[in-house]
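Student: Pasting a structure here, questions to come.
The values are calculated or read from the model by the stated rules, or taken from the named source; none is laboratory data. As the structure is a computational prediction, the values presented were derived from the model and not from experiment. We place every Cβ from the backbone using ideal geometry, glycine too, and count neighbours over all the protein chains shown.
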2 protein chains.
Amino acid sequence: MNIKEYLAEKKQVVEEALAAYMLVEKEPLIQHIKAMRYSLFAGGKRVRPILAIAAAEALQVSHPSLLPIACALECIHTYSLIHDDLPAMDNDDLRRGKPTSHMVFGEAEAILAGDGLLSLAFDLMAHPEVAVHLSPAENLRIIGLVARAIGPLGMVGGQSLDLAAEGRQISLDQLQFIHRCKTGALITASVQAGAIFAGADAPRFEALTTYGEKIGLAFQIVDDLLDVVGSTEELGKTAGADLNRQKATYPSFLGVEKTRELARDAVAAAVEALNDFDHRADPLRELAHYIYSRNR
Amino acid sequence: MNIKEYLAEKKQVVEEALAAYMLVEKEPLIQHIKAMRYSLFAGGKRVRPILAIAAAEALQVSHPSLLPIACALECIHTYSLIHDDLPAMDNDDLRRGKPTSHMVFGEAEAILAGDGLLSLAFDLMAHPEVAVHLSPAENLRIIGLVARAIGPLGMVGGQSLDLAAEGRQISLDQLQFIHRCKTGALITASVQAGAIFAGADAPRFEALTTYGEKIGLAFQIVDDLLDVVGSTEELGKTAGADLNRQKATYPSFLGVEKTRELARDAVAAAVEALNDFDHRADPLRELAHYIYSRNR
């Protein structure tokens, strides 16, 4: 299989669905909805929705009623980027090569765009379209699982810890814990959502969970690497930003070579978790390798 | 019945449940969770959870498995206050007589506390405890309804419009539309959540929806009145703040007397919507009067 073609094809499916679910730009409500659309269509790779779709496909389920959930995951990811970029948080001016939301719409609308996307995500996850394939009980299970992953002990907790760690000495263990919350939890939940949607039994659910955890780890390590070795152009955000803020990163603990090894190990562990799956899990396997290959 | 006793009793039930659902203060995650607790236990009247409980009771259903949903409504309300108070938004230093979240914890943690409460709310609404009484399908219906009420075309939309209207001329119709989104939508959704929980048929659901809309309107009108006639002490926030920000209010359009009349009319319409309910709807009726009586 060709992973680039697969990603391009799924990306298009996701973006068409996103555009359809996104609200009509009603005149009186225009500003914050413009801000939501601006960030939602600012060139994301749609990794989380594609992970959900690929996880379901690995279990032989391919159904359009997964799309509201897949799109919800992208809304959540986008909300987290908008809020993380705010002046009070990471204070980033650029994201994916474009001015961040608050640079374009002001802080108030950026906060509201994030709040709006987070609310919309749960609206989408409870969308009647989902019920075409999924039982209400399993639908609820996905909502609970995603809510927990992004909540105070998940993604929001990770961002809080990340801010608290700035300019302070932390251990490699603490760094891993921060990342597991901040980026790992939503990536894992995305894979799990696809697994539940496809009716995974317990062993397969566990295997896919491990897969999600390992690629979540790989994803963050590669991000750290790109921040050191990549240019601003490749990265779409200010390179060396983490260094400038004196943030702990994997390379700052381990150096570039050891960090690359760690990323390779995580990818290998992710692929290994899929040992009992047939060729229908190839997109997941290739996705794991693809994440590593971002590290040029 | 004695509405003050009723409110005090239900408030206690809600606050005990809130305390139980609120996360243990794990050491590494402590800061944003402290911020969540600070605002959640800063003296709210728990109007929205009590509305949900009273609506269910009006339909003869009283069951503790409504509590996760009731508490979720309070989490959402609290998140909206924290974000609205931010410097980039309404820039308020005081709320319920206490320093606002960002004054105590800083802007970043205040944003995260809001994000955390919003995520936690959906976690709570999908809580397994709810399933003790409610079918998964109806549970999903509540989640979708609440998500829509607080989303880009609901509460978040209202706040965006409210900010856009500052210092500009708007009509009374526009003011009402803003309030219907900003405060009315969540109040109505709270009543509706209780109605669905109690298995309301279509006519009763409609009646309770009308009740919710009318008390939502009354609530906002009285809030505007208090801002003009109340002292900072009574209000728990800086009196005359809306005036200072040149915000449109009901009294600025209609004067104090006409505004009082409008509030009385809304309360009467709310009570009238409950005509087909028996004495079990008395708490809802009394609640409507109680809202008006806040206007001393």
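Student: Can you pull out every residue in the range B:260-296 that is at pLDDT below 95 and polar (S, T, N, Q)?
Tutor: B:S293, B:N295
Student: Please go through the range A:261-296 and give me each residue that is of a type outside the set (A, V, I, L, M), in a helix (DSSP H, G or I) and within 21 Å of the chain's Cα centre (by Cα), ordered by number.
Tutor: Matches in the range A:261-296: A:R264, A:D265, A:D282, A:P283, A:R285, A:E286, A:H289, A:Y290, A:Y292, A:S293.
Student: Regarding the range B:27-47, can at least one residue be identified that is in a loop (DSSP other than H, G, I, E, B), under 20 Å from B:T183 (Cα atoms), more than 8 Å from chain A (Cβ to nearest Cβ) and touching a His at 6+ places or on another chain (Cβ under 8 Å)?
Tutor: Yes, that holds for at least one residue.
Student: Of these, A:E138, A:E129, which one is outside any loop (DSSP other than H, G, I, E, B), more than 8 Å from chain B (Cβ to nearest Cβ) and either among the β-branched types (V, I, T) or out of contact with any Leu (no Cβ under 8 Å at 6 or more places or on another chain) (or both)?
Tutor: Going through A:E138, A:E129 in turn, the sole match is A:E138.
Student: Among the residues of the range B:141-168 satisfying the criterion of being facing chain A (nearest Cβ under 7 Å) and among the aliphatic types (A, V, I, L, M), which is nearest to B:L18 (Cα to Cα)?
Tutor: Ranking the qualifying residues of the range B:141-168, first place goes to B:I143.
Student: Give me the pairs: first residue in the range B:139-162 and over 14 Å from A:I111 (Cβ atoms) and modelled with pLDDT under 95, second residue among the aromatic types (F, W, Y) and in a helix (DSSP H, G or I), beta-carbon distance under 8 Å, and six or more apart or on different chains, which are they?
Tutor: B:L161/B:F177
Student: While we're looking at this one, here's another question. Quick one: how many residues across the range A:101-120 are more than 7 Å from chain B (Cβ to nearest Cβ) and touching a residue at least 24 places away in the same chain (Cβ under 8 Å)?
Tutor: 7
Student: Turning to a different aspect of this structure: Return the only residue of A:D90, A:D123, A:D84 being facing chain B (nearest Cβ under 10 Å) and not in a helix (DSSP H, G or I).
Tutor: After applying the criteria, what remains is A:D90.
Student: Applying the selection to the range B:169-188, what residues are in contact with a helix residue (DSSP H, G or I) (Cβ under 8 Å, 6 or more places away or on another chain) and away from every other protein chain (no Cβ under 14 Å)?
Tutor: Across the range B:169-188, the qualifying residues are B:L172, B:T183, B:G184, B:I187, B:T188.
Student: If you scan the range A:144-159, which residues turn out to be over 16 Å from the mean Cα position of the chain (by Cα) and assigned to a helix (DSSP H, G or I)?
Tutor: Correct list: A:G144 only.
Student: Here's a follow-up. If we scan the range A:51-58, do we find a residue that is assigned to a helix (DSSP H, G or I), more than 27 Å from A:P283 (Cα to Cα), touching a helix residue (DSSP H, G or I) at 6+ places or on another chain (Cβ under 6 Å) and modelled with pLDDT of 95 or more?
Tutor: Checked against the condition, which is being assigned to a helix (DSSP H, G or I), more than 27 Å from A:P283 (Cα to Cα), touching a helix residue (DSSP H, G or I) at 6+ places or on another chain (Cβ under 6 Å) and modelled with pLDDT of 95 or more, the range A:51-58 yields no hits at all.
Student: Here's another thing I want to ask about it. Just to be sure before I move on: is A:R180 charged (D, E, K, R) and free of Cβ contacts under 8 Å to residues at least 12 places away in the same chain in the structure I sent?
Tutor: No, not satisfied.
Student: Out of the range A:196-211, which residues are within 14 Å of A:N275 (Cα to Cα) and under 20 Å from the mean Cα position of the chain (by Cα)?
Tutor: Correct list: A:F205, A:E206, A:A207, A:L208, A:T209, A:T210, A:Y211.
Student: Continuing with this model, one more query. If we keep just the residues of the range A:189-213 that are farther than 20 Å from A:V130 by Cβ and hydroxyl-bearing (S, T, Y), which is nearest to the other protein chains (Cβ to nearest Cβ)?
Tutor: So the residue we want is A:T209.
Student: Does the range B:176-193 include one or more residues that are β-branched (V, I, T) and out of contact with any Gly (no Cβ under 9 Å at 6 or more places or on another chain)?
Tutor: no
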